[in-house]
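J.: Sharing a structure, written as structure tokens. Questions coming.
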Amino acid sequence: MSGAPLLHIDDLWVRYRTATREIPAVQGVSFDLYRGGSIGLAGESGCGKSTLANAILRLLPKETEVDGRIELEGEDVLAMKPGRLRAVRWTSASIVFQGALHALNPVQRISKQIAEPMLLHRTETSKGAAIRRVRDLLEKVGLPGDRADSYPHQLSGGQRQRVLIAMALACDPHLLIADEPTTALDVMVQAQVLTLLADLRREHGLSMLFITHDLSVLTDVCDELLVMYAGRVVEEGPAHELFRSARHPYTRALAAAFPTIGDPSSRMRPSGLPGDPPDPAHLPDGCAFHPRCALAIDACRIDRPELRVAAPGRRAACVLVEEPVR
Ligand code: SF4
């Protein structure tokens, strides 16, 4: 890719501090996202994906320590003053969370909720223009414009998720961060929302950072994937290649883990991956995946492998990965 990246993350560390301990949730993550590109962050719950996404827009609690560099459209996010940060959160980058019922105000019509960021951050927008744009945005996300007068409880889960996407697009951001946007939806609605996001990306030249534990979903909507485990990136590369021929044992297990039909909880705890990710406050020595890895050897319990080139354009952090001969 040429030119400056839209989002530049360099050696990012995020630590949650409590009275008694420090929890390193993200450890030394670096990547670049270019205009019009899309990167998927994959991994189980607790591996640091959402912490990373929230760090980009400084949405983490005050006690959190963030080190490293986050540049959005060339601006240092960690140095932004509060007023600038509030504007950037809507006009440069916006975020779509899962669980739209909790993200929307239950006692406000959705028209008001979608119009609010426009009236706050696009001060040249009149009230009438904002209401017209709300209807346009709803139609763009596949909802009839007359649903603008609805309250959140009058919409289905999939419709509410579309409302959140419309709201995120209100100020024409260049980057959309989608944090598990389809996890709470059934498979059919999930497919519709994914298609919608892919269409919006194409039509508007949006860049997208898409986060989910479901590797197959990411492969459908992203160009590049980063797989995270215990706060670190353990594998990265082009989405389809990585899904087809994962180099890291954790990625292979994640790719092979399918939810059990009829068991909604299995979408969060896929089968085929024994045990749980480690407690970030008490990471094992060596490779953090070794207690769950069927291929672990003695060296895995001692040395923590760094990312190394596994193939052109691909890197993985595993002692078994052999660098290609030049
Ligand atoms: Fe498994 Fe060892 Fe590779 Fe870690 S470094 S993924 S424990 S083989």
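The values are calculated or read from the model by the stated rules, or taken from the named source; none is laboratory data. Please read these numbers as outputs of a predicted model, since none were measured by experiment. With ideal geometry, Cβ positions are generated from the backbone for all residues, glycine too; neighbour counts draw on all protein chains shown. These accessible areas exclude ligands, DNA and RNA; they are computed on the full protein's heavy atoms, side chains included. Shrake-Rupley method; radii C 1.70, N 1.55, O 1.52, S 1.80 Å.
J.: Label region 129-192 by shape, choosing from rounded, prolate and oblate, from the square roots a ≥ b ≥ c of the eigenvalues of the Cα gyration tensor; if a/c is under 1.5 it is rounded, and otherwise prolate applies when a/b is larger than b/c, oblate when it is not.
T.: Oblate, because a/c is 1.5 or more while a/b does not exceed b/c.
J.: Per residue Cα convex hull volume for region 1-122, in cubic angstrom?
T.: 147
J.: List the pair-distance distribution P(r) of the chain, using every Cα-Cα distance, as the percent of pairs falling in each 10 Å bin from 0 up to the bin containing the longest distance, rounded to whole percents.
T.: 6, 25, 33, 24, 9, 2, 0
J.: For the chain, take the longest principal axis of its alpha carbons; what is the angle in degrees between that and the long axis of helix 127-140, to the nearest 10 within 0 to 90?
T.: Approximately 50 degrees, to the nearest ten.
J.: Another question about this same structure. Calculate one ³J(HN,Hα) per residue across region 117-126 by plugging θ = phi - 60° into the Karplus curve 6.51 cos²θ - 1.76 cosθ + 1.60, and present them in order as whole Hz with x for glycine and proline.
T.: x, 5, 5, 7, 10, 10, 5, 7, 7, 7
J.: Considering only protein heavy atoms and a 1.4 Å probe, what is the carbon-and-sulfur percentage of the accessible area of the chain?
T.: The computed percentage sits at 52.
J.: When the Karplus curve 6.51 cos²θ - 1.76 cosθ + 1.60 is applied with θ = phi - 60°, which whole-Hz ³J(HN,Hα) does each residue of region 62-73 get, with x for Gly and Pro?
T.: Values, residue by residue: 4, 6, 7, 9, 10, 10, x, 10, 10, 10, 10, 6 Hz.
J.: List the residues, sorted by chain then number, that are 5 or more residues from residue 228 or on another chain and whose placed amide H is less than 5 Å from its amide H.
T.: 42, 43, 234
J.: Next up: Compute the distance from the alpha-carbon center of region 1-35 to that of region 65-132, in whole Å.
T.: After rounding, the separation between the Cα centres reads 21 Å.
J.: So which GluC sites (Glu not before Pro) in region 1-99 pass both tests, a DSSP loop state and at most 11 other Cβ atoms within 10 Å of the Cβ?
T.: Counting only loop positions with at most 11 other Cβ atoms within 10 Å, the GluC sites (Glu not before Pro) in region 1-99 are 63.
J.: Can you tell me which of 216, 156, 92 moves the most in a GNM of the chain? Springs connect C-alpha atoms under 10 Å apart.
T.: Sorting by GNM fluctuation, first place goes to 156.
J.: Going by alpha carbons, how many degrees (0 to 90, nearest 10) lie between the helix axis of 187-204 and the longest principal axis of the chain?
T.: Its long axis makes an angle of about 80 degrees.
J.: What accessible area per residue, rounded to a whole number of Å², is obtained for the chain using a probe radius of 1.4 Å?
T.: Per-residue accessible area for the chain comes out at 47 Å².
J.: Still on this structure, I have one more. Cα-based Rg of region 107-265 per 2.2 N^0.38 Å, rounded to two decimals?
T.: That ratio works out to 1.18.
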